[in-house]
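See structure below.
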Amino acid sequence: MSGAVPERTATVTVGVGETLWDVAQEYAPSADTGAVVARIKQVNGLGDATVVPGLPLTVPVDSGPLGAGR
């Protein structure tokens, strides 16, 4: 799927074993995953795609219920 990156955001916590790619697919599944990852990195000031469990991140989210995948 390759829709536009959602403007709506939420703060989520990175889980054990999760990557930015996983987070992007979970919270914005209808958007282009690579573009969502780039937006997450930009908004959170991340230089690379390595994140640690427990890290709070601001992420774009689709308009469905927040945390529907969790």
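Extending 7 Å from Cα along the Cβ direction at Glu7 and again at Asp32 yields two label points whose distance is 1.9 nm. Each Lys and Arg contributes +1 and each Asp and Glu -1, all at the Cβ; summed about the Cα centre of the chain, the dipole is approximately 120 debye. This structure gives P(r) over Cα pairs in 10 Å bins from 0, in percent, computed directly, and of (1) 18, 42, 28, 11, 1; (2) 19, 57, 23, 1; (3) 22, 62, 16 that value is listed as (3).
No lab work stands behind these numbers, since they all come straight from the coordinates. Just so it is clear, the structure is predicted and the values come from calculations on it, not from any experiment. All Cβ positions, glycine included, derive from the backbone under ideal geometry; neighbour counts span all protein chains shown.
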